[in-house]
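> Handing you a structure now.
The values are calculated or read from the model by the stated rules, or taken from the named source; none is laboratory data. Note that the coordinates shown come from a computational prediction; the quantities given were computed from them, not determined experimentally. Neighbour counts run over all protein chains shown; Cβ positions are idealised from the backbone, glycine included.
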Amino acid sequence: MNLTSARIWIAGGETLAGAALAAEARRRGLAASTLSAAETADWADAAAIESALAAARPDLVFVAAGESGGIALNRAHPARLLESNLRVVLNVLGAAARRRVPRLLYLASSCCYPRDAAQPLRIESLMTGPFEPTNAAYSAAKLAGLMACEAVRQEHGLAWFAAIPSTLYGPEDHFDPEHAHVASSLLVRMHEAKQRNVPALSVWGTGTPRRDFLFSRDLADAAFFLAEKYDAASGPINVGPDADRSIAEVAATVQQVVGYPGALEFDASQPDGAPLKRLDAAPLRALGWRPRVDFADGLRETYAAFLRR
């Protein structure tokens, strides 16, 4: 697909991923419009979505919409997360299918994989076992989006597909403790602890679970790469780095970036989530894409953005 002449529409421009996609479009000098949850009553206003899509007349749609958050939010509001993300599937993808948008990339989640799937996580493992219990409702909704792309491609012949990114972090984050994932949450909490001279900071879980982390600008770069080059008929594809790190290692790196001098105390009474999540990104590497931003460098850029706010 030639992106230079394409009309691009981003659903979820207020999210970390959506804001990164919009910033990447600007860096590339591409024409892109966005729609946010606030403009659509959290994607419940189907008429507003239809109207925005009709006005944009996109050749390419990125779907980065739907509420998300860490373990605490998933435990407290599973129904809310399920509903928000299912609305995106029904109302955003539904409108795009009715208007026969020729190309669409839906950003799913690594939570779509079964908790006990073999590592690294490969597309073939989807739907082979139960979800991680702490985020099962959210996971089911994101999997529905992935399946919707498969169904639309099968029924309507449109070039739709899903990309599954690793755990995201980046300067476009809102740094909202309720919605933040682990890296951004630790960054905010350590900054506040540093400001208040708190001698020790509690970190949920044992610190042993391992995750792979993807900088938001790398995700956006990969999304545009795939939009331009990927054969949608190949189905979903993982987007991730080639390394994972423990939550304890993440916390130590965040501590160094923030300059928090206190102690880190891991609270094993709180849930860990899945013991390991690392995406198999070999198919994406074979296409010629790889991430550019080192984890610590990305954290420093993210912290600088937080301080500017």
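> Residues that are small (G, A, S) and within 17 Å of the chain's Cα centre (by Cα): list the helices (runs of 4 or more DSSP H) wholly contained in region 1-118 that include at least 2 such residues.
16-28
> Go through region 118-136 and give me each residue that's of a type outside the set (V, I, T) and surrounded by fewer than 18 Cβ atoms within 10 Å (Cβ to Cβ).
Answer for region 118-136, where residues must be of a type outside the set (V, I, T) and surrounded by fewer than 18 Cβ atoms within 10 Å (Cβ to Cβ): A118, Q119, R122, E124, S125, M127, G129, P130, P133, A136.
> Among the residues of region 257-284, which ones are touching a residue at least 40 places away in the same chain (Cβ under 8 Å), more than 26 Å from T206 (Cβ to Cβ) and part of a helix (DSSP H, G or I)?
Across region 257-284, the qualifying residues are P283, L284.
> Scan region 154-192 residue by residue and report those that are under 30 Å from D59 (Cβ atoms) and more than 14 Å from the chain's Cα centre (by Cα).
Once the filter is applied, which keeps residues that are under 30 Å from D59 (Cβ atoms) and more than 14 Å from the chain's Cα centre (by Cα), region 154-192 yields Q154, E155, H156, G157, L158, A159, W160, F161.
> From L16, L53, which residue is closer than 18 Å to P102 by Cα and out of contact with any His (no Cβ under 6 Å at 6 or more places or on another chain)? I'd like the intermediate steps shown before the answer.
Details: L16 fails: closer than 18 Å to P102 by Cα.
Of the residues listed, the single one that is closer than 18 Å to P102 by Cα and out of contact with any His (no Cβ under 6 Å at 6 or more places or on another chain) is L53.
> Filter region 51-72 down to residues that are at pLDDT 95 or above and either in contact with a strand residue (DSSP E or B) (Cβ under 8 Å, 6 or more places away or on another chain) or surrounded by fewer than 16 Cβ atoms within 10 Å (Cβ to Cβ) (or both), then give me how many there are.
15
> I want to confirm something. Restricting to region 175-194 and keeping residues that are of a type in the set (D, E, K, R) and in contact (Cβ under 8 Å) with a residue 12 or more places away in the chain, which single residue is surrounded by the fewest Cβ atoms within 10 Å (Cβ to Cβ)?
My answer is E178.
> A further question on this structure: Where in region 177-256 are the strands (runs of 3 or more DSSP E), entirely inside, with at least 3 residues that are closer than 20 Å to G18 by Cβ and at pLDDT 95 or above?
213-215, 237-239
> Same structure, new question: Could you go through region 157-174 and let me know if any residue there is surrounded by fewer than 18 Cβ atoms within 10 Å (Cβ to Cβ) and modelled with pLDDT under 95.
Yes, that holds for at least one residue.
> For region 1-15, which positions are within 18 Å of V92 (Cα to Cα) and either crowded, with 17+ Cβ neighbours inside 10 Å or in contact with a Gly (Cβ under 8 Å, 6 or more places away or on another chain) (or both)? Can you show your working first?
Let us first name the residues in region 1-15 that are within 18 Å of V92 (Cα to Cα), namely 7-15.
Residues satisfying the conditions are I8, W9, I10, A11, G12, G13, E14, T15.
> Could you say whether any residue in region 197-214 is in contact (Cβ under 8 Å) with a residue 12 or more places away in the chain, crowded, with 22+ Cβ neighbours inside 10 Å, touching a Phe, Trp or Tyr at 6+ places or on another chain (Cβ under 9 Å) and closer than 28 Å to A6 by Cβ?
There is at least one residue in region 197-214 that is in contact (Cβ under 8 Å) with a residue 12 or more places away in the chain, crowded, with 22+ Cβ neighbours inside 10 Å, touching a Phe, Trp or Tyr at 6+ places or on another chain (Cβ under 9 Å) and closer than 28 Å to A6 by Cβ.
> Among the listed residues I71, I49, which satisfies the condition of being of a type in the set (A, V, I, L, M) and in contact with a Pro (Cβ under 9 Å, 6 or more places away or on another chain)?
None of the other options fit; the residue is I71.
> Here's something else I'd like to know. Please pick out the residue among D294, D242, D272, D280 that is closer than 22 Å to E228 by Cα and out of contact with any Phe, Trp or Tyr (no Cβ under 7 Å at 6 or more places or on another chain).
After applying the criteria, what remains is D280.
> Right, here's the next one. Any residue in region 21-37 that is at pLDDT below 95 sitting within a Cβ distance under 8 Å of a residue that is of a type outside the set (S, T, Y)? List the pairs, counting only those 6 or more apart or interchain.
As it stands, the answer is A31/A6; A31/R7; A31/I8; A31/A25, since those pairs meet every condition given.
> Any residue at all in region 190-211 that is closer than 10 Å to Y169 by Cα, in contact with a Pro (Cβ under 9 Å, 6 or more places away or on another chain) and among the aromatic types (F, W, Y)?
no
> Select from region 289-309 the residues that are assigned to a helix (DSSP H, G or I) and touching a helix residue (DSSP H, G or I) at 6+ places or on another chain (Cβ under 6 Å) and write down the one among them that is farthest from D176 (Cα to Cα).
A296
> For region 158-176, give me the residue count where each residue is in a loop (DSSP other than H, G, I, E, B) and in contact with a strand residue (DSSP E or B) (Cβ under 8 Å, 6 or more places away or on another chain).
Of the residues in region 158-176, 3 are in a loop (DSSP other than H, G, I, E, B) and in contact with a strand residue (DSSP E or B) (Cβ under 8 Å, 6 or more places away or on another chain).
> Going by the structure shown, is T134 of a type in the set (S, T, N, Q) and not in a helix (DSSP H, G or I)?
Taking the combined requirement at face value, the residue does not satisfy it.
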